[in-house]
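The structure under discussion appears below in the form of structure tokens.
The values are calculated or read from the model by the stated rules, or taken from the named source; none is laboratory data. No experiment lies behind these values; they were computed from the predicted model shown. Glycine also receives a Cβ, built like all others from the backbone with ideal geometry; neighbour counts cover every protein chain displayed. Calculation scope for accessible area: heavy atoms of the full protein, side chains included, ligands and nucleic acids excluded. Shrake-Rupley method; radii C 1.70, N 1.55, O 1.52, S 1.80 Å.
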Amino acid sequence: EGIGPQEYSAIKLQVKEWSPKMAELVKGKVEDDAKVYFVPATLRPETMYGQTSCFVGPKINYGLFKLKEKEYIVVTKRAAWNMAFQGHFFGDKFPKTQDELPQVLEVPGSAFVGTLVNAPLSFHTGGIRILPMESVSAAKGTGVVTSVPSDSPDDYATLVDLAKKAEYYGIQKEWAELEIFPLIETPTYGNLTAPALVKELKINSPKDVTQLAQAKDLAYTEGFYKGTLLVGKYKGEAVSEAKDKVRKDLYDSGDAFPFAD
Ligand code: A2H
């Protein structure tokens, strides 16, 4: 982290079933047989096996942008604009201003909550839910964050809080309680690095930002330099070796693409 510009991997999570609110809003705007993808940006493509949900900022505005015939993505306008410049999308209709982006809908993240999406590589093949996370930044990545509670302390702390206050957040408790499978073994924190660090640093809520920042650094360093992958095609390999291979496989299969921020 912190060395040069970030190369994120942008992962494509296809909508399987909209939240009731979105089902209303997309009527007449998005074809019934169109594919719509939430596109989280991640620095840890090797952890995508462990996705259990996908976060949006409930108060952040998102767009549904038309990429091509019957294909749309959900990201912030800022991210769609960056993607246009990086030449991923929008064919020959290159937008000259942000207003020319092919946005068919603009909605707050809260409208998406409960939407069921299919996450590439995830063990939860039945799909995972879009859930709210207050700390998502609109000014970073795509504004969408896929959640891997086994290896991200932020994600784990948020899911514990969501499950505790499900009613307050307007979600079903079980959406925040999908099984957490071990993905990476590390010498210091075992095979569930994030839950171990959350316990060790006595993190009680997503508001414990100082300890969470520390946990994030420890998890990232330990996972990257000392971690061994326990699952998938590169099982048994060091994370530092397997990371690029998993990333390349995701790019090759069309389930992800590079995104610079
Ligand atoms: B990472 P950096 Cl398993 N707001 O992906 C808040 N957080 C965001 C974001 C946004 N707009 N966009 C991306 N992120 C998260 C996986 C992961 C991540 C694991 C462990 C650590 C980790 C699963 N979540 O990140 O500030 C995304 O979460 C800790 C470094 O740009 C992304 O990678 O360096 C990471 O933060 C990008 O953080």
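Odds and ends about this structure:
- Those residues of region 112-129 whose amide nitrogen sits under 20 Å from the label point placed on Glu167, 7 Å along Cα→Cβ: 114
- Applying 0.36 nm per residue to the separation of Glu177 and Lys16 and subtracting their alpha-carbon distance, the gain on full extension is 56.0 nm.
- Long-range Cα-Cα pairs in region 51-115 (distance over 13 Å), rounded percent: 63 percent
- Whole-angstrom Cα spans of the chain along principal axes, big to small: 51, 40, 32
- As a fraction of the 1.4 Å probe accessible area of the chain, surface on carbon and sulfur atoms comes out at 51 percent.
- The calculated FRET efficiency for Ser253 paired with Ser205, based on their beta-carbon distance and R0 = 41 Å, is about 0.65.
- Whole-number accessible area per residue in Å² for the chain, which is evaluated in the context of all protein chains at 1.4 Å: 47 Å²
- For the chain, the relative contact order works out to 24 percent when only alpha carbon pairs closer than 8 Å and six or more residues apart are counted.
- Of the three principal axes defined by the Cα atoms of region 187-261, the extents in descending order read 40, 30, 16 Å.
- Pairs from the table (Lys27/Lys68; Lys173/Lys243; Lys164/Lys243; Lys12/Lys248) lying more than 22 angstrom apart at Cα are Lys173/Lys243; Lys164/Lys243.
- Phi to ³J(HN,Hα) by Karplus 6.51 cos²θ - 1.76 cosθ + 1.60 over region 215-228, Hz, x for Gly, Pro: 4, 4, 5, 4, 5, 5, 5, 4, x, 6, 8, 10, x, 10
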